[in-house]
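Novice: Attaching a single structure in structure tokens format; questions to follow.
The values are calculated or read from the model by the stated rules, or taken from the named source; none is laboratory data. For clarity, every value in this text was computed on a predicted model and none was experimentally measured. Neighbour counts run over all protein chains shown; Cβ positions are idealised from the backbone, glycine included.
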Amino acid sequence: MIFKDRTDAGRVLAGLLRTYAYRDDVVVLALPRGGVPVGYEISRALKVPLDIFVVRKLGVPGHEELAMGAVATGGILHLNYDAITAFQIGADTISRVSAIEEEEIRRRERVYRGERSPLRVEGKIVILVDDGLATGSTMRAAIAALRQWKPARIVVAVPAGALEVCKEIGQEADEAICAATPESFHAVSQWYADFRQTTDEEVRDLLSRPSESASVKIGVNGDVIQGDLTLVAPARGTVIFSHGSGSSRQSPRNRYVAGVLNQHGISTLLVDLLTAEEEVRDNKTLKHRFDIELLAERLVRATDWVMKHPLLSTHGVGYFGASTGAAAALVAASARRDIVQAIVSRGGRPDLAGEALSKVVAPTLLLVGDLDQTVVRVNREAAGEMPGETKIELIPGATHLFEEPGALERVAALASEWFEKKLISIAA
């Protein structure tokens with residue numbers, strides 16, 4: 001079997017992995033760089049989340065081709081004690097070599113993943129993917145390192161590998177699926193018509209792609225508002241974005257946060273809470289952006305639309321509100337207390353929610369730039385009026401729009417963590 005390229009190989013492998021499709025206990029971890037295009041196609045076909053798992057071999061000093069262990073994503077260290085004993089390698093040497101390789105892993109993860117936190121794999125079935133197996137040394141190190149994250153099961157999936165190596169990997173993993181296992185195997189590249197090197201840019205692009213997006217229209221009392229729905233399957237929750245202060249679903253900041261949530265297995269709905277005509281008027285009068293009652297009513301209608309959607313009705317619902325949109329989210333949450341499970345506010349004005357604050361029971365995370373002192377103050381005051389779980393997180397060095405380097409990435413990471421913890425699927 002000769003694959004056209006890594007995309008073709010990933011699609012072939014996905015067909016062999018159909019039993020793992022549409023399951024919320026399955027994730028795909030790809031070894032960069034070559035394993036990522038393969039893993040992306042598997043993730044896309046099975047509708048399960050994709051992430052990277054970076055592994056670096058710890059070479060024996062003076063015999064770097066031999067491994068005395070490996071380090072991997074998350075600072076996981078796996079040691080080969082046979083090699084350490086045979087070469088009488090001391091603890092100082094292990095620490096020095098490990099520190100160098102751990103820094104390289106952090107560098108690569110910053111390049112590939114940015115500030116997004118890695119997927120959680122404890123208790124999950126992990127499909128561990130590469131573009132092929134020659135000696136299997138990297139995959140062995142990955143399996144050993146990944147075990148320390150306590151996954152429920154490790155399934156190694158590769159398009160092609162040496163027959164004996166695939167058998168050995170199958171004994172170290174819980175399962176190994178090799179699409180092609182020729183007895184004569186000299187190099188992974190011989191099983192691809194196109195085996196050009198995968199670039200860092202390609203890896204970043206594949207990791208940031210959402211699963212499935214569509215424009216939607218939602219009726220509200222005879223009017224229509226527009227939305228962009230990104231459906232991740234399987235997903236435990238859907239987060240609806242409540243924009244404010246003249247912003248819309250095209251907000252680059254909110255779209256960035258939504259993309260990060262998608263990568264964490266959360267569906268998103270970015271919806272304009274004003275009609276097209278209202279937005280035109282608002283750009284001149286600035287009236288509607290402070291009409292919290294109107295914005296909240298539209299958000300409630302969007303929430304009801306989500307709960308009637310055949311693919312979203314079993315999802316837990318969360319709100320992500322920005323500026324005056326955060327106030328609208330709190331008011332809407334007080335009206336849909338039986339549905340809304342979690343709220344995140346970015347630079348929000350919760351004080352504008354008024355009496356509704358005392359009725360908000362959904363766990364709420366208030367994210368504020370620590371240099372945005374006026375908004376810090378009103379958030380602290382509002383938090384004291386909310387009866388449910390409420391947490392304030394100050395983003396160091398950030399102002400109101402979170403334009404400073406790393407500020408928005410921190411917002412996205414904290415929001416992802418909050419929703420992952422708080423959203424729970426609803427029984428059908």
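One line per residue, one yes/no per condition, for (1) closer than 20 Å to residue 169 by Cα; (2) of a type outside the set (D, E, K, R):
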residue	(1), (2)
106	no, no
109	no, no
114	no, yes
118	no, yes
126	yes, yes
135	yes, yes
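Novice: How do the strands (runs of 3 or more DSSP E) wholly within segment 109-202 filter down when requiring 1 or more residues that are under 30 Å from residue 412 (Cβ atoms): which remain?
Specialist: Ranges flagged: 125-129, 153-160.
Yes/no per residue for (1) surrounded by 15 or more Cβ atoms within 10 Å (Cβ to Cβ); (2) of a type outside the set (Gly, Ala, Ser):
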position	(1), (2)
142	yes, no
157	yes, no
177	yes, yes
186	no, yes
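Novice: Can you find even one residue in segment 397-407 that is in a helix (DSSP H, G or I) and modelled with pLDDT under 95?
Specialist: Yes - at least one qualifying residue is present in segment 397-407.
Novice: Can you find, within segment 70-116, the residue that is farthest from residue 150 (Cα to Cα) among those that are modelled with pLDDT under 85 and of a type in the set (Val, Ile, Thr)?
Specialist: Once the filter is applied, the top-ranked residue is 73.
Novice: Return the residues of segment 418-428 that are surrounded by 15 or more Cβ atoms within 10 Å (Cβ to Cβ) and not hydrophobic (A, V, I, L, M, F, W, C); say none if nothing qualifies.
Specialist: Residues satisfying the conditions are 420, 422.
Novice: I'd like to verify a number: residues in segment 215-255 that are among the hydroxyl-bearing types (Ser, Thr, Tyr) and modelled with pLDDT of 85 or more, how many?
Specialist: 3
Novice: Among strands (runs of 3 or more DSSP E) lying entirely in segment 221-328, which contain 2 or more residues that are more than 19 Å from residue 349 (Cβ to Cβ) and touching a His at 6+ places or on another chain (Cβ under 6 Å)?
Specialist: Counting at least 2 such residues, we get 237-242.
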